[in-house]
Amino acid sequence: MCSFDNVRHHILLDKVAERVNDAQIMRLLKLILKVGGKKGVPQGGVISPLLSNIYLNEVDKMLERAKEVTRNGRYTYIEYSRFADDLVILVDGFSKWNWLVDAANKRLLEELEKLDVQLNREKSKLVDLTRGETFSFLGFDFRRAKTRRGKLGVLVTPRMKARTALLSRLKEVFRRFRSQPLDRIVAEINPILRGWVNYFRIGNSSQCFGYVKDWVERKIRRHLMRARKRSGFGWNRWSRAWLYKTFGLFNNYKVIRYQA
């Protein structure tokens with residue numbers, strides 16, 4: 001997986017842009033980016049994904065050519081996925097394609113050098129899934145594992161770091177609204193849960209979702225018991241169904257199986 005240091009620049013747009021069509025604007029942006037080459041764009045900037053897509057478009061073209069050159073009918077032996085400045089290149093695991101790993105890495109470095117972009121060595125690595133190694137991309141961990149049918153496949157799960165960040169955010173809501181009615185807390189945490197689950201529901205996320213759901217339910221129960229100046233979680237006092245029905249707590253943790 002590769003991550004790039006972007007290009008720092010400042011673009012001033014005024015009413016003159018209204019007289020320039022989209023194609024001209026794209027060419028203008030590319031020129032500005034190539035002039036500013038070695039400076040690096042602030043990570044997380046609002047415009048950073050757009051600028052990365054424009055600047056790294058040549059890398060996409062190079063990888064598309066590599067796919068076509070090595071293609072055998074409907075079979076491809078190199079694939080890639082890029083979002084902004086995060087890039088993953090995948091090569092077929094058979095030993096006959098080992099040369100393609102080295103070739104792809106060499107071509108990538110050559111293309112980045114042309115663009116005056118520095119590879120982030122600390123965040124970039126070469127992994128072998130067939131040896132039990134893993135890599136992370138866009139909040140997911142990827143590893144090789146056997147499916148329920150006993151076949152080898154790729155297990156895609158939310159990163160522990162992503163789950164920890166979610167629970168920390170929810171914990172802060174419970175802390176801030178500790179003295180508030182439960183429906184106020186539910187109104188705060190439901191959008192957070194919905195957004196997080198919707199993002200991760202395309203992976204093998206059932207186990208992670210189960211953990212999150214149980215964690216939230218325990219916090220809800222503890223809040224109710226604390227309001228009654230009691231200890232414990234009220235397992236015998238309130239059923240799970242009653243909690244979700246009465247307070248409208250988010251409950252859609254269904255995983256969607258991704259179809260390529």
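Does the stretch 62-82 contain any residue that is of a type in the set (A, V, I, L, M, F, W, C), modelled with pLDDT of 85 or more and under 17 Å from Ser52 (Cβ atoms)?
First, the residues of the stretch 62-82 that are of a type in the set (A, V, I, L, M, F, W, C): 62-63, 66, 69, 78.
Still in the running and modelled with pLDDT of 85 or more: 62-63, 66, 69, 78.
From what is left, the residues that are under 17 Å from Ser52 (Cβ atoms) are 62-63.
Looking through the stretch 62-82, at least one residue is of a type in the set (A, V, I, L, M, F, W, C), modelled with pLDDT of 85 or more and under 17 Å from Ser52 (Cβ atoms).
Can you find a residue that is part of a loop (DSSP other than H, G, I, E, B) and modelled with pLDDT of 65 or more anywhere in the stretch 1-19? Steps first, please.
Filtering the stretch 1-19 down to residues part of a loop (DSSP other than H, G, I, E, B) leaves 1, 5-14.
Those still in the list that are modelled with pLDDT of 65 or more too: none.
No, that holds for no residue.
Every residue in the stretch 131-155 that is open to solvent by less than 70 Å² (accessible area, probe 1.4 Å) and either farther than 21 Å from Leu63 by Cβ or touching a helix residue (DSSP H, G or I) at 6+ places or on another chain (Cβ under 7 Å) (or both), please. Write out each step before concluding.
From the stretch 131-155, those open to solvent by less than 70 Å² (accessible area, probe 1.4 Å) are 132, 134-142, 145, 147, 150, 153, 155; that's our starting set.
Passing the criteria: Gly132, Thr134, Gly139, Asp141, Ala145, Thr147, Gly150, Gly153, Leu155.
Number of residues in the stretch 158-198 that are among the charged types (D, E, K, R), under 19 Å from Tyr211 (Cβ atoms) and open to solvent by 90 Å² or more (accessible area, probe 1.4 Å) equals 4. Scanning the stretch 53-95 for residues that are acidic (Asp, Glu) and either in a helix (DSSP H, G or I) or at positive phi (or both) yields a count of 4.
Consider the stretch 79-125 and keep the residues that are touching a residue at least 24 places away in the same chain (Cβ under 8 Å) and acidic (Asp, Glu). The one that is surrounded by the most Cβ atoms within 10 Å (Cβ to Cβ) is Asp85.
Yes or no, residue by residue, for (1) closer than 15 Å to Ala162 by Cβ; (2) of a type in the set (A, V, I, L, M, F, W, C); (3) open to solvent by 70 Å² or more (accessible area, probe 1.4 Å):
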| residue | (1), (2), (3) |
| --- | --- |
| Phe200 | yes, yes, no |
| Cys208 | yes, yes, no |
| Val212 | yes, yes, no |
| Arg230 | no, no, yes |
| Trp235 | no, yes, yes |
| Tyr244 | no, no, no |
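Would you mind listing the helices (runs of 4 or more DSSP H) fully within the stretch 177-254 where at least 2 residues are under 27 Å from Thr147 (Cα atoms), of a type in the set (A, V, I, L, M) and in contact with a helix residue (DSSP H, G or I) (Cβ under 8 Å, 6 or more places away or on another chain)?
Details: elements: 182-200, 206-227, 240-247.
In the stretch 177-254, there are no helices (runs of 4 or more DSSP H) which contain 2 or more residues that are under 27 Å from Thr147 (Cα atoms), of a type in the set (A, V, I, L, M) and in contact with a helix residue (DSSP H, G or I) (Cβ under 8 Å, 6 or more places away or on another chain).
From the list Arg144, Arg218, Arg131, Arg184, the one residue that fits, being among the charged types (D, E, K, R) and under 18 Å from Asn251 (Cβ atoms), is Arg218.
Would you call Arg107 more than 23 Å from the chain's Cα centre (by Cα) and outside any helix (DSSP H, G or I)? Against the criterion (more than 23 Å from the chain's Cα centre (by Cα) and outside any helix (DSSP H, G or I)), Arg107 does not qualify.
The values are calculated or read from the model by the stated rules, or taken from the named source; none is laboratory data. What you see is a predicted model, and the numbers here were worked out from it, not measured in a lab. Quick reminder, even Gly has a Cβ in these numbers, built from the backbone with ideal geometry, and neighbours come from all protein chains shown. The accessibility values were calculated without ligands, DNA or RNA, using every heavy atom of the protein model including side chains. Shrake-Rupley method; radii C 1.70, N 1.55, O 1.52, S 1.80 Å.
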